[in-house]
1. Given a Förster distance of 22 angstrom, what is the FRET efficiency for B:Thr7 paired with D:Asp75, based on the Cβ-Cβ distance and rounded to 0.05?
2. Looking at A:Thr95, A:Asn27, A:Leu129, which one has the Cα that reaches farthest to the positive end of the dipole of the range A:6-132 (charges on Cβ: Lys, Arg +1; Asp, Glu -1)?
3. Find every distance from the label point of D:Arg118 to the corresponding label point in the other copies (7 Å from Cα along Cα→Cβ) and write them in nm, one decimal, shortest first.
4. Along the Cα→Cβ direction, 7 angstrom out, place labels at A:Arg51 and D:Gln42. What is the inter-label distance in nm?
5. Placing the label point 7 Å from Cα along the Cα-to-Cβ direction, what are the distances from D:Asp75 to the equivalent spots in the other copies, shortest first, in nm to one decimal?
6. Quick one: compute the contact order of the range C:27-133, relative version, from alpha carbon pairs under 8 angstrom and 6+ residues apart, as a percent.
7. Can you list the copy-to-copy distances for D:Pro4, using a point 7 angstrom from Cα toward Cβ, in nanometres, shortest first?
8. Compute the convex hull volume of the Cα atoms of chain A, divide it by the residue count, and report the result per residue in Å³ as a whole number.
There are 4 protein chains.
Amino acid sequence: MTQPLHTFPVRVYYEDTDMGGVVYHANYLRFIERARSDWVRQLGNDQNAMRDAGIVWVVRHIECDYRAAARFEDDLIIETGLNSLSGARLVMDQTVRRGDEVIFTAKVTAVCMTAQGRPVRLPAEIRALMKQS
Amino acid sequence: MTQPLHTFPVRVYYEDTDMGGVVYHANYLRFIERARSDWVRQLGNDQNAMRDAGIVWVVRHIECDYRAAARFEDDLIIETGLNSLSGARLVMDQTVRRGDEVIFTAKVTAVCMTAQGRPVRLPAEIRALMKQS
Amino acid sequence: MTQPLHTFPVRVYYEDTDMGGVVYHANYLRFIERARSDWVRQLGNDQNAMRDAGIVWVVRHIECDYRAAARFEDDLIIETGLNSLSGARLVMDQTVRRGDEVIFTAKVTAVCMTAQGRPVRLPAEIRALMKQS
Amino acid sequence: MTQPLHTFPVRVYYEDTDMGGVVYHANYLRFIERARSDWVRQLGNDQNAMRDAGIVWVVRHIECDYRAAARFEDDLIIETGLNSLSGARLVMDQTVRRGDEVIFTAKVTAVCMTAQGRPVRLPAEIRALMKQS
């Protein structure tokens, strides 16, 4: 994976588990989205302001691997790194760890769009910050 | 409970369960809301049109009892009955059953509101239909 | 409400919202359950160990009021207080706040049970801690 | 995509949407898992019996594309086809449609495992049925 730019903690609660006794597979997408929201927020990319301006982040493509199972009360760390950034498109590498153990990895492609579905170039400041952070 | 006016089937999937091996308690609120949506839809109350008109249903109060546990692949039936209806306020009795067994009961109070949070009287046609259905 | 014994922060993420632009009503039950888990954990009540011993917390009854709407990126505080405690039964008062504003209140009754559905008296140490905390 | 072997209807409810006014991206994984559960159930693969025998389906890898947005009260169809099947490993192609429009596609790799994490060969009957169905 690319160098992580951002780390984010997630604790596993009852709501996250399924009858297999582990985290339900779809919930990892919720976990890594919290991390992405936190990352762009720290960079100063206000998603509420974006929305008021009619612009939203849209997930376009995800590739993910389930490596191990997380369980109730596990303290997980989510690492997010920039894979590539061009115009309206942002590709991120995300890893969910429990200590040294890799639980889940994902490559997520998101696009910045208007409500009408037209891609919008990310503001230059944000792009610069993402590359540096 | 009041006479049920509407019945709605729900099958339990993996996503609905928790590590206790049963349906996660918060998910019954999702189940009974599907039933309410289906009911008002059958009465001709188009929630998308309401939203375009700036009006939404808002849940105000819930009282609920967990009587038994539902499990993966259970076929549940949700019964919805009208408890009371006055102006902008609708009180419904809802029961989740597995055959003859009662799994969950709830009394749900919802209010019809504008986006600005002002209560809106339900259209007379819908009110008449709700009382008859 | 009774004197809060425990406070717990929750930030609202995209996953928590619905098309009304606010937190989906069922998700408050997830939020307050995280707070209860955190509380009993701080008191030394290890839910994983309980489960291994064949004992689980089961929610029996909830009464809740939706007072105001929480939104994306709101930083909420959940206060949990003991309403009553007797044998196997624990009644908690929980309030979700955004600063001084009350968003949601709930009275939650939970029971400690075996896998076979028999109520189990809470260990005396935990009961003592709950009353003092 | 491979020839679909199974189709499954999903209606979009309030719980499935987010503040963008569309289905929250992680929820497509819930939708397509319901379809897979329904498919193996129709083939006679009883997941409750599997679990009692200490065997579960585990998702290993997902690749998915978000093509268009689904909305509240949309009636979606999920098509599931067999991409490949070998030993303990099952690869499925899944498409979520709204009429002729493709909303979401996924390639899902699942493995049949013991509770201890050892892969288990699928029973010959089920494998034969999956290939024929």
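1. 0.65
2. A:Leu129
3. Those label-point separations list as 3.5, 6.1, 7.0 nm.
4. Placing both labels 7 Å beyond Cα along the Cβ direction yields 3.8 nm.
5. Copy-to-copy label distances for D:Asp75: 2.0, 4.7, 5.1 nm.
6. 29
7. Nearest first, the other copies' label points are 3.1, 4.0, 4.9 nm away.
8. 110
Every number in this text was worked out from the coordinates using simple rules, so none of it is lab data. Since this is a predicted model, take the numbers as computed values, not measurements. Positions of Cβ are generated from backbone atoms using ideal geometry, with glycine treated the same way; all protein chains shown enter the neighbour counts.
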